[in-house]
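Just below is one structure, and these are the notes that go with it.
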Amino acid sequence: YISIATTRPETMLGDGAVAVHLSDERYASIVGKLCEIPVGPKEHRRFIPIITDEYPDPDFGSGAVKITGAHDFNDYQVAKRGKIPMYRLMDTQAALRADGAPYAEEAAKAKQIVESGELPDEETVDAINLVPDDYRGLDRFEARKKIVADINADGLAVMTKDEDGNAVPMVENKPIMQPFGDRSKVVIEPMLTDQWFADAKTLAEPALASVKEGRTKFVPENWSKTYYQWMENIEPWCISRQLWWGHRIPAWYGPKIDSDGCKLETGESEIFVAKSDAEAVQLAQTYYGSDVSVSVDHGDFGIVLAGGEKLDIGTENERIKLDSVSLSRDPDVLDTWFSSALWPFSTLGWPEKTPELERYYQTDVLITGFDIIFFWVARMMMMGNHFMKQEPFHTIYIHALVRDEHGAKMSKSKGNVIDPLELIDEYSADALRFTLAAMAAQGRDIKLSTDRVAGYRNFATKLWNATRFAEMNECKLVEGFKPEDAKSQLNRWVLTELSRAVNDVTREIEAYRFNEAAAAVYRFVWNKVCDWHLELAKPVFGGEDEAAKAETRATTAYVLDQIYALMHPFMPFITEELWERTSGEGVSRDGFLMHSSWPVEGILDDQAADEINWLIDLITAVRSVRAEMNLPAKARTDLLLIGANDDEKAMLERSMNALQRMARVDNGSVASEAPQASAQIVVGQLTVCLPLEGVIDFDAERDRLNKERDKATGEIEKIEKKLGNQGFIAKAPEAVVAEQRTRLEDLQATVAKLDEGIARLG
RNA sequence: GGGCGUAUAGCUCAGCGGGAGAGCACUUCGUUGACAUCGAAGGGGUCACUGGUUCAAUCCCAGUUACGCCCACCA
């Protein structure tokens, strides 16, 4: 006996051989001999050869494998190599076959094949039904039970002992990967059928070269590896599907004829591949000769004999002179992806040479998910190269996939889909869209966080309120507004920041870094415009300087207008709405924001930017000190700039309105020395102090300064160590070394000023 | 089995060869007219582990551990 393990005992009925590994010494002596299959009627037991192959793993189980070529992928390969017949046991309903002659006759045919050593053609083998009579028509699982019962009854199972020492058939509990139908949820049985295949390997070569040679790029780039992996190990592509929907396979069948014009006894078909019925008829006419009438029959397929008798195309055992033939078209349709692969050009009118095709092919960027790379992207690349001799697109952007809260891929069949409509109802489409953009970092999937969506909903509200504020302060668009004409530092600053934001957002979008683009626009709108520009504009709006007021109004309106455009790709609805509402008098707004032009860089005024950014730092520092000193929110202080020059004094004067309002400063002035009872802040190159006579806690202030000093000296140590390293000086780029030197000097100046402050406190 | 990827603040995630970031959450303070879906100030991280390359590593390379995904599939 040879021990065999199987999870599908019923397939033993169709076994064509037992295979062992080439090097397996245990079986060497019996290779080439025949063994009996222990199933089926005893009087007709089949014998099959013991063969060698590289496939069986000698260390796995008994080292011997049963070969069922018709119902297993691996066995199919072994059977093909070993010229072993592949007997089909099941029908398309996964029931055991009920067709053909009685088992005794069929088994005799199989016996004849083994004895002759000649392998008949596939169709002949496929016609043999080796299912024993009393198994025919049984469901596969029923048949499995019955086979096991029969084997056990015959005492042919490999036995082992159970816990009580009783002999029982040996069953191993072993996990296996079991493929299930995606839709049907039913265990899949591999089975041999006739299908159409495309030569994917040949199609893949140019498609592979397109990416390797950079004519089409993946973004992010590393997805090209996934593409290569698949293209380089490509299998023939099965393109026929037994479905009703789709492009029908363009193949027509008629009976094959011999040189006398007679139909073959085997009933074989001749295939005519054509673009239309008419072309198929034409091809067939050439094949059958002018004395046979050829037609296409869309209903009843068949051939008509000279006597008017009608036969099915496949009718065997009769060699008849044909009078007329009606061709039948293959009822199968093309694989969805075969048809979809034609999309980039078939939608433009191909195969006609239309103007659309001329204009839009090659297309630009394909945006899709990674799970579509094999199915669609690869196929479009193959078809585009084949039919159009050019790649269908120059860039393939692979976007992130939104996963569920557990990180699993969402799918309709799994039912774990987060419904975007619910999020839209709660937070708005703009908020959701912005969130997806903000989270779409390259090369990473998204676990959707509703907190983030809520945050960006708030961002939309912020923008709305900023617009309302501008409206209340009569900020109207002024036609012909030119950023370069702005006078005030504040306006020049915000216009400079706008230019920087425009450049950042544009650059990031062009590089497909949508999350960076979203972050840049967010920072500009909230942290520059709302937090500072609008706040710093308040004293101007409330002030007496009408010229400054007018300029600031115009600037604010202009900046918001640019913001709507910058944010439009991320929040199309609210920006379109605000844009429409803010059309000022004299400013024409034909059409949509969507159709307006993209912002471009305006002014870049570093001096203005530095001044306002210094002011922002100063206000922040004052607020920080006030908080740390536990100053009551309403308390006001004075402010002294220590040892400032004329320029710095002028800067302070320009900033007083803002300081009064935002830092709760009463009077600002320049002093040569700080009073003892004051809190001291180092901002840039200047020491600023807040006289806090009677309020200041000297110990607390000393601690605060020491804390800042420690932070700075820690940094200084690190930089000194770096600069003391000869390797660093010698090998690091000059700019990096210079930067470190500057940083060191700045920090040292800060420490010196802090030291003075600490000394002054006593 | 083949391939790809991820480990950074309590959470969700950016970032990057040279000074650790955002949002949410948390602490304290604040409603006189843009916004409480808000404002101000703050706390919080050995950038998974081990080794290597480098003047310099959270970042590059190798290995380890954990987790995830794609493809194939063991009689």
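The values are calculated or read from the model by the stated rules, or taken from the named source; none is laboratory data. Quick caveat, the model's predicted, so the values are computed rather than measured. Cβ coordinates were reconstructed from backbone atoms using ideal geometry, including for glycine residues, and neighbour counts include every protein chain displayed. Surface accessibility is based on the protein's heavy atoms, side chains included, excluding ligands, DNA and RNA. Shrake-Rupley method; radii C 1.70, N 1.55, O 1.52, S 1.80 Å.
Just a few scattered comments:
- Extreme residue, nearest to A:ALA104 (Cα to Cα), among residues of the range A:70-90 that are near RNA strand B (Cβ under 8 Å from one of its atoms) and without any contact (Cβ under 8 Å) to a residue 40 or more places away in the chain: A:ASP75
- Strands (runs of 3 or more DSSP E) wholly inside the range A:665-747 that include at least 1 residues being out of contact with any helix residue (DSSP H, G or I) (no Cβ under 9 Å at 6 or more places or on another chain): A:665-671, A:686-691
- Residues being modelled with pLDDT of 85 or more and under 58 Å from the mean Cα position of the chain (by Cα) - total across the range A:669-700: 10
- Residues in the range A:71-123 that are assigned to a helix (DSSP H, G or I), open to solvent by 40 Å² or more (accessible area, probe 1.4 Å) and among the aliphatic types (A, V, I, L, M): A:ALA104, A:ALA108, A:VAL114.
- Yes/no for A:VAL529 being in contact with a Ser or Thr (Cβ under 9 Å, 6 or more places away or on another chain), closer than 28 Å to A:GLY591 by Cα and either small (Gly, Ala, Ser) or within 15 Å of RNA strand B (Cβ to nearest atom) (or both): yes
- When A:ALA19 is tested against the conditions (1) of a type in the set (Gly, Ala, Ser); (2) more than 16 Å from RNA strand B (Cβ to nearest atom); (3) not in a helix (DSSP H, G or I), the lone failure is (2).
- Pairing each residue of the range A:139-158 that is over 18 Å from A:THR92 (Cβ atoms) with any residue that is loosely packed, with under 13 Cβ neighbours inside 10 Å and of a type in the set (Asp, Glu), provided the two are 6+ apart or on different chains, yields C-beta distances under 9 Å for A:LYS146/A:ASP134.
- Hits in the range A:700-738 - residues which are more than 11 Å from RNA strand B (Cβ to nearest atom) and not aliphatic (A, V, I, L, M): A:GLU701, A:ARG702, A:ASP703, A:ASN706, A:ARG709, A:ASP710, A:THR713, A:GLU717, A:GLU720
- Residue count for the range A:500-521 satisfying the condition of being of a type in the set (Val, Ile, Thr), open to solvent by 10 Å² or more (accessible area, probe 1.4 Å) and within 15 Å of RNA strand B (Cβ to nearest atom): 1.
- Where a residue in the range A:14-25 is in contact (Cβ under 8 Å) with a residue 12 or more places away in the chain and polar (S, T, N, Q) and its partner, wherever it lies, is part of a loop (DSSP other than H, G, I, E, B) and surrounded by fewer than 24 Cβ atoms within 10 Å (Cβ to Cβ), with Cβ under 8 Å and at least six apart: A:SER23/A:PRO58
- Of the residues making up the range A:24-69, those that are of a type in the set (A, V, I, L, M, F, W, C), buried (at least 17 other Cβ atoms within 10 Å of the Cβ) and either farther than 20 Å from A:SER116 by Cβ or within 12 Å of RNA strand B (Cβ to nearest atom) (or both) are A:VAL39, A:ALA64, A:VAL65, A:ILE67.
Results for (1) among the charged types (D, E, K, R); (2) open to solvent by less than 70 Å² (accessible area, probe 1.4 Å), shown as yes or no for each residue.
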site	(1), (2)
A:THR193	no, no
A:LYS201	yes, no
A:GLY214	no, yes
A:ILE239	no, yes
A:TRP244	no, no
A:ALA251	no, yes
A:ILE257	no, yes
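- Among the candidates A:ALA679, A:ALA674, residue that is within 16 Å of RNA strand B (Cβ to nearest atom), among the aliphatic types (A, V, I, L, M) and touching a residue at least 40 places away in the same chain (Cβ under 8 Å): A:ALA679
- Some residue of the range A:739-750 being more than 13 Å from RNA strand B (Cβ to nearest atom) and either within 48 Å of the chain's Cα centre (by Cα) or open to solvent by 40 Å² or more (accessible area, probe 1.4 Å) (or both): no
- Any pair with Cβ under 6 angstrom, 6 or more apart, that starts in the range A:683-702 at a residue that is surrounded by fewer than 16 Cβ atoms within 10 Å (Cβ to Cβ) and ends at one that is in a loop (DSSP other than H, G, I, E, B): A:GLU693/A:ALA677
- Some residue of the range A:598-615 being closer than 30 Å to A:GLY668 by Cα, open to solvent by less than 60 Å² (accessible area, probe 1.4 Å) and in a loop (DSSP other than H, G, I, E, B): yes
- Out of A:GLU544, A:GLU484, A:GLU497, A:GLU474, sole residue that is out of contact with any Ser or Thr (no Cβ under 9 Å at 6 or more places or on another chain), over 30 Å from A:THR368 (Cβ atoms) and open to solvent by less than 20 Å² (accessible area, probe 1.4 Å): A:GLU497
- Residues in the range A:440-473 that are part of a helix (DSSP H, G or I) and near RNA strand B (Cβ under 6 Å from one of its atoms): A:ASP451, A:ARG452, A:GLY455, A:ARG457, A:ASN458, A:THR461, A:LYS462, A:ASN465, A:ALA466, A:ARG468, A:PHE469, A:MET472.
- A:TYR135 passes every criterion in (1) open to solvent by 40 Å² or more (accessible area, probe 1.4 Å); (2) over 30 Å from A:GLU268 (Cβ atoms) apart from (1).
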